[in-house]
Amino acid sequence: MAVSQLIGARVQRREDPRLITGHGRFIEDRLPVGLLHMAVVRSPHPHARILSIATEAAASAPGVRAVLVAKDFHAQLSGTMPVTPAFAPEKKYVPERFPIASDEVCFQGEPVAVVVADDRYLAADAAELVVVEYDPLPAVVDPEAAMVPGSPRAHVEGPDNIGWDMTFDGGDIEAAFARAEVTVSERIWQQRLAPTPMEPRGVLAEYSPYDERLTIWLSSQNPHFIRLFISGAMGIPESRVRVVAEDVGGGFGSKISPYPEDYLVPAAARILGRPVRWIETRTESVQTSYHGRGQVFTAEAAALRDGTLLGLRLTQVLDLGAYHGTFGAFQACACLMAGGVYRWAAVQGRTIGVLTNKVPTDPYRGAGRPEGTHLCERMVDRVAQEIGMDPAELRRKNFAREFPFSNNFGLVYDSGNYDGSLDKAMELVDYSGWRQRQAEGRQQGRLIGIGCSTWVEICGFGPSEATAGATGGIALVEAAQIRFLPSGSVAAYVGTHAQGQGHDTTFSQIVADTLGIPMEKVELRHGDTAEGPSFGYGTYGSRSLAVGGMALHKAAMVIRDKAQRLAGHMLEVSPDDLTFEQGTFSVKGDPSARKTIEEVALAAYGGKLPEGMEHGLEATSYFDPPNWVWPFGAHICVVEVDRETGAVQVHKYVAVDDCGNVINPMIVEGQLHGGIAQGISQALYEEVAYDQDSGLLLTGTMTDYLVPTMNEIPALTLDRTVTPSPTNPLGVKGIGEAGTIASSAAVINAISDALSPLGIHHVDMPASPDRLWKMIQEAES
Amino acid sequence: MIPAAFEYSRATSVADAVNQLRTAGPEAKVIAGGQSLLPMMRLRLAQPGHLVDLNGIPDLDYVRVKDGSVQIGAMTRHATLVRSELLRANLPLLAEVAKEVGDPQVRTRGTIGGVMAHADAAGDYPTVALMLDAEIVTDRRRIPARDFFQHLFTTALEPDELVVEVDFPVSTGAHRYLKFRRRVFDWAIVAVGVQRLGDGWRVGITHAGPTAVRAHAVEDALRSGATPAEAAERASDGLNPNSDVHASSEFRLHLAQVLTRRALEQAA
Ligand SMILES: Cc1cc2nc3c(=O)[nH]c(=O)nc-3n(C[C@H](O)[C@H](O)[C@H](O)COP(=O)(O)OP(=O)(O)OC[C@H]3O[C@@H](n4cnc5c(N)ncnc54)[C@H](O)[C@@H]3O)c2cc1C
C-alpha cells in the first residue's frame, strides 16, 4: 500500500475534475419540482422616502404568483438583521435593518418589493411593472463629509451618521512623538471594492408546511450562521432548518453575512407553499453584494534620524454604507495591526464608522489587515524617504525578532522570521541590481520604482475567549466529525466551507495521513447543516486549516487512539506495545503480529470489544485555538511608470511567504496567486465609484468595474520560508488572504518610489493612468 | 441582465432580411454577432420586439481584393480578419486592429458589419474606415465613411437598411494602431491609427468624441514637413472628448497627442 506521507505533498486538487467538466453543483443547477422564480424591485435612488407602491399591474402580469412588499414580510420575519460587535464593540448609532424597505430607502439597490413568477423572465418583466413613487432625499456620499455635524443624515430618523468612534491606545503615544526627530504624515485612501465572485449570490428555499421544515440552498461561506439567523427570524427551531451550500463559486468575504434575499426567499416560499429561487444578476452583484474597504486613513509616524521607529498615530474613517455590515466592524482591526512587523514605542488607532447612502461594507479578502498593512508599509517607506535611508534597511532595523512577540495592543505574534523572508525576497528579485538599474534609468528620465511590503497578519479566528464577545455570543472555534465505516471508507465532516480553497484535497490529506489510509478512502463533506457536527463556523479569515484542520486532526487522533486500544485487544497486547505506521498497528519487536486500521474498523462494529468499549469508530471534536496564527512574508515589486501616459508596467513581482508548515504547496501557491492578483488589482484597477453629488453608482458593469484577467497580472515569483506555529499540532498558519494583505502596499510603494524624483511621495489607489498623469503634470509644472 | 421578451426569425438572404425587417416594423432589429446588441438587451437599454438573425445568410463572410480595394463581407468575424493572409498582405493595419478587439469570445462572434452599424464611440474599425476613405456598401447604395458615421450610435442607415460589405483601399505602406486601455480586452480609452497612403499620411483617432475622427490637422502638418512630434501636437485640434470613470477629457486630449506621435514614430 503506497500511502507514504501526504501532508506536504503537491497533491492535485481532487475537486477540479468535477468542476472543470461542468459537474459542479451551484444554486442555479438545482431544479425542484414546482419551482418559482423571484425578482427584486430595487430602489433606483440612494436615498428617498417611499410614497406609494402600486403592485396591481405587476400582479396581473402573465405568470405572476405574488408581488410582495414589506408589510407582507413583517408577518413572516421578526427582528432585524444582525450586527455583531466584532472589533468595534461600542457602537453608537446602529440603524435597524429589515430585509425590505417600507418607508425609506437608504441605498441604491435596496429592496422595496419582490415579484414571484413562473419563470425568471416573467418575474423580471413584471418587476418593471411595479410602480414605486419616491420622494428623493439628499444622499450622503462622502464619509468624511458625513461626519461633520449638521451633515445630511443617511437615515432621516438617525441622530447623526456616526456608527462608532473608538480609540485603541497602544502605549504612550505623546511620549513617543515627543522624542521624534522626524515625523511624516499621509492621507491614504482605500477605495471601495466589489467582490465579484464568479458565481453571484443565489438562494433557493423550500418549505414543507406539514412538518414545518425549511431547506435553504444558498451560495454561502457560512451555512451554520445563516441557519441560526434565518431560523430565528422565521420562528422555526434551528433543528428544522437545513442550510445547504454545495459548490460555491467564490466568495472573498461577500458570502459570510446574511443578505436581505436570504430572508425574503424563504419567507416567500413559506407564503406561497412552493419552492422559490432568486439568482443574483451581475448588475445586482456589483450594486448590492457587500463591498469591501471604503476607508480613508490619516496617519502620522514619528522616528529618529537613525531610522528607529517611535510612534504611529492613525485615524480610520470607515464608510459603513447605509447599515452596519453584520461583520463590518471587523475591519477596525486595521488599527490593531497597523504596527505591522515592527517594534514601535507606541501605536494609537482611532476608528470611526460612518453611515452613508451606499451598500454596506463588510469583510472582503483580508478585511482590515490589507488596510493596516498598506498603511504601515506606506508610512515606513515615507520615514525611510524622509531620512534618506534604504527602505529595506529601515525595515530590518525595526523588525520584531523575539517570539512570541507582543505588539503594542497586547496581541501576541506566535512565531516569525522577518529577516529570513526579506533576505530571500531581495535575493530573488535582485534588489541591488534593480536599485542600480533604477539609478541609471533616472539619468535617462525613466521612472523605475521598487516597493517592499514586509507583512504580518492575524488569522485563524478563534480563539473562543476573544471571539465569543465579538460575534455576540457564539465563539469561533471549529468542529469536525469523522466516521470510519465498517468496510474501511471514511466520511469526514467539517464545519468550514470552501469556496475554491481546495479543502476537499487538503483536509483529506490530513485525515488520510493521520489514519494511515489512502486519500481515495476519505470522503470530505461540508456545507450541509444537516450533516456532521451540530455547528460549524464557516470559511473566512484564513481560519479553515488552522482551526478546522486541527479539529479534523483531533477527531482523527481520537479515532486512532480508539483503534489502537482495539488493536491491542485483538492482538492481545497492551496498546502501548503497538506502533502505528502507514495504517498498520504492529507489535513492537514482532512486526508479523499486526492489524490494519481497516481490520480494526470492521472489528469496532463486531462482537468482541474490550470491556467498556462502545461500538463504532467515529468521533466529533472541537478545536479551540489557544491563539491566533501569524503568517508573514516579504513581497517586492518592481514597476516602471510611463512618464507621458501614467501607465504602470510591473517588471517583476516576488513574494516570499511563510505560513508555517505546508499541507499542499500547490494549493498554497494557488491561494497566493489569487490573493496577490486581488491586491495588485486594488492597486491598479478596481474601484467602485459613486457620483459625489447624486450618490449614484458609476461602475455598475464589468466594463466600468475593472476586474483584471490573467493578461493584466504579471508572472509571479513565489518562494517560502517555513516557521511553524507553536500553537497547533501541525504547526500551520493561514494563507487564504496573505497575498491580498501584502500586495497592494508593494505595488503602491513601488509606484511612489518611481515617482519620488518628481517630489511625489504618495499615490492613492487605484493608480490609474489618468490619476498618475495628473500627478506627474502637477509635479512637473 | 434579463432581456425583455422578443420575437426571433432567421433570414436566408439579404433581401429576405430586409423583407422581414419591413414586415416586423420599427421594433425590429437585425442581430449579427450579438456582442454589442445582447449586452444592451440584457441591461434593457435596448428592447427590440423582434430580432432578425443574419447568421444564416450565406456569402456575407469574405475578404476579397479587387480593383485596388479590399472588400470585406458584413458578417466577417474579427477572428477571420485576424487570420486572413489576404488582409495581412493588402491591409495589414486592419488585421492588426482586429487582433486587439475585445477578447477571444468577442472576436469569434463579432462582425465588421456590426461594428459599423453599431457606431460605438470606441469602435476601432470606424476610425480605419474614416481615415482611409472606405465605403460602406448596403443592400441599396454605397456610403462614404465620412457620411456614414453621424453621431454616437447613429449612422446614415435607414431602419430597414443592411450593411453588406465594407470596401477599403489596398494600403500596404507603413502603419500603426496604438490603443490605450487599462485591460487588454477593454475598449480604447483613446486609440490612434496612422497609415502611409500614396505620398501622404492618414491619421484617425478613436474615442475622443462621439464618433471616430480623422485628424486632418496632423495630416496637413506632416504634408508640410512637420516632424511627428510637431504634427502630433495638432492631434487634439477641435476635439471635445467626454470624461468618464476611465479618463478625464483632458487626459483623452493628451493621449491623442502622445499616441499620434508614438504611432508615427513606430509606424512600419
Ligand atoms: C467585452 C467586449 C469588448 C469589446 N471591445 C471592442 C473593441 O475594443 N473595439 C471594438 O471595435 N469593438 C469592441 N467590442 C464590440 C464588438 O466589436 C462587437 O462585435 C461589435 O461592436 C458589434 O458587432 P456584432 O456583430 O456583435 O453586432 P451586434 O451586436 O449583433 O449588432 C450591433 C448593432 O448593429 C446592428 N447590425 C449588426 N449587423 C448589421 C448589418 N449587417 N447591417 C445593419 N445593422 C447591423 C444591430 O442591429 C445592432 O443594432 C467589444 C464587445 C465586447 C462585448
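The values are calculated or read from the model by the stated rules, or taken from the named source; none is laboratory data. Just so it is clear, the structure is predicted and the values come from calculations on it, not from any experiment. Cβ sites come from the backbone with ideal geometry, for glycine too, and all protein chains shown count toward neighbours. Side chains included, ligands, DNA and RNA excluded: accessible areas come from the protein's heavy atoms. Shrake-Rupley method; radii C 1.70, N 1.55, O 1.52, S 1.80 Å.
Tell me the net charge near A:Ser752. Cut-off is 12 Å between Cβ atoms, A:Ser752 excluded, with +1 for each Lys or Arg and -1 for each Asp or Glu. Walk me through the numbers before you get to the answer.
On the way: positive: A:Arg378, A:Arg382; negative: A:Glu186, A:Glu377, A:Asp381, A:Asp753, A:Asp764.
Surrounding charge for A:Ser752 is -3.
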For B:245-258, mean number of other protein chain Cβ atoms within 10 Å: 4
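Taking the Cα centre of segment B:13-119 as origin, sum charge times position over the Cβ atoms of Lys and Arg (+1) and Asp and Glu (-1), and report the length of that vector in debye to the nearest 20. Please report the intermediate quantities before stating the final value.
On the way: 12 positive and 10 negative charges, 38 e Å.
For this selection, approximately 180 debye.
State, in square angstrom and to the nearest 100, the accessible area buried between chains B and A, both chains counted, probe radius 1.4 Å. Don't jump to the answer; show the numbers that get you there.
Values: alone 12480 and 28190 Å², together 38280 Å².
Adding both sides of the contact gives about 2400 Å².
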Portion, in percent, of the accessible area of segment B:175-267 that falls on carbon or sulfur, probe 1.4 Å: 45
Cα gyration tensor, segment A:9-139 - rounded (a/c under 1.5), prolate or oblate: oblate
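Can you tell me what percent of all Cα-Cα pairs in segment B:175-267 are more than 18 Å apart?
Numbers: 1553 of 4278 pairs.
Result for the distance tail: 36 percent.
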Cβ-Cβ FRET estimate between B:Arg183 and A:Tyr605, R0 fixed at 60 Å, reported to 0.05: 0.55
Packing rank of B:97-104, A:262-269, A:405-412, where each peptide gets the mean count of other beta carbons within 10 Å, highest leading: A:262-269, B:97-104, A:405-412
For segment B:58-169, convex hull volume per residue from C-alpha positions, Å³: 98
Rounded percent of accessible protein surface that carbon and sulfur make up, segment B:7-53, 1.4 Å probe: 54
Mean Cβ count within 10 Å, highest first, over the residues of peptides A:117-130, B:40-53: A:117-130, B:40-53
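Quantify how strongly other chains surround peptide B:188-194 by giving the mean number of their Cβ atoms within 10 Å of each of its Cβ atoms.
Numbers: counts 0, 4, 1, 0, 0, 0, 0.
Counting other chains' Cβ atoms within 10 Å and averaging over B:188-194 gives 1.
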Signed unit charges on C-beta, dipole axis of chain A, positive-most listed residue A:Val69, A:Val286, A:Ile735: A:Ile735
Computed lengthening from A:Met147 to A:Arg25, 0.36 nm per intervening residue step minus Cα-Cα distance: 39.4 nm
Gap separating the Cα centres of segment B:118-177 and segment A:583-602, nearest whole Å: 81
Residues whose placed amide H lies under 5 Å from that of B:Arg202, excluding near-sequence neighbours: B:Gln195, B:Arg196, B:Leu197
Shielding score for A:767-773, defined as the mean number of other chain Cβ atoms within 10 Å: 5
Isotropically averaged projected area of segment A:478-623, using the convex hull of Cα atoms (one quarter of hull area), nm²: 8.7
Evaluated over segment A:213-328, the Cα radius of gyration and Dmax, each in Å: 20.4, 73
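So, with a 1.4 angstrom probe, what is the percent of accessible area on chain A that is carbon and sulfur? Write down the numbers at each step before the final one.
Details: 13590 of 27040 Å².
Its accessible area is 50 percent carbon and sulfur atoms.
Apply 1/(1 + (r/R0)^6) to the Cβ-Cβ distance of B:Arg22 and A:Leu698, taking R0 = 41 Å, and write down the FRET efficiency to the nearest 0.05.
Values: r = 40 Å, r/R0 = 0.98.
FRET efficiency, B:Arg22 to A:Leu698: 0.55.
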Label zone at A:Asp430, where the point sits 7 Å out along the Cα-to-Cβ direction: segment A:715-750 residues whose backbone N lies under 17 Å: A:715-718
Modelled label reach - B:Ala229, point 7 Å along Cα→Cβ, segment A:436-450 residues with backbone N closer than 20 Å: A:441-447
For the protein assembly as shown: rounded, prolate or oblate by the Cα gyration tensor [a/c cutoff 1.5]: prolate
Hull shadow area, averaged, chain B [alpha-carbon convex hull, nm²]: 13.6
Potential lengthening between A:Val558 and A:Arg282 on full extension [0.36 nm per residue; Cα-Cα distance subtracted]: 94.8 nm
Karplus-derived HN-Hα couplings along segment A:706-715 (A = 6.51, B = -1.76, C = 1.60, θ = phi - 60°), whole Hz, x at Gly and Pro: 8, 7, x, 10, 4, 5, 8, 9, x, 4
Nearest-20 debye value, segment A:271-326 charge dipole, Cβ charges on Lys, Arg, Asp, Glu: 220
A:Glu128 versus B:Arg141: modelled label distance in nm, points set 7 Å from Cα along the beta carbon direction: 3.3
Approximate spin-label separation A:Asp390-A:Glu531, in nm, with each point projected 7 Å along Cα-to-Cβ: 5.4
Global form of segment A:158-202, assessed from the alpha-carbon gyration tensor, a/c cut-off 1.5: prolate
Proximal charge balance of A:Ala555 [Cβ under 12 Å; K/R count +1, D/E count -1]: +1
Neighbourhood net charge (14 Å Cβ-Cβ; Lys/Arg +1, Asp/Glu -1) for A:Leu218: -3
Ordering of B:78-86, A:369-377 by burial proxy (mean other Cβ atoms within 10 Å per residue, highest first): A:369-377, B:78-86
J(HN,Hα) series, segment A:276-286, from Karplus relation 6.51 cos²θ - 1.76 cosθ + 1.60, nearest Hz, glycine and proline x: 10, 10, 10, 10, 5, 7, 5, 4, 5, 4, 5
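A:Asp103 to A:His761: extension gain in nm, 0.36 nm per residue of separation minus the Cα-Cα distance?
232.1 nm
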Label-reachable residues, segment B:142-184, where backbone N falls under 12 Å from a point 7 Å from B:His216's Cα toward its Cβ: none
Dipole in debye (nearest 20) - chain A, about Cα centre, beta carbon charges: Lys, Arg +1; Asp, Glu -1: 860
A:Thr183/B:Val245 FRET efficiency (R0 51 Å; Cβ-Cβ; nearest 0.05): 0.90
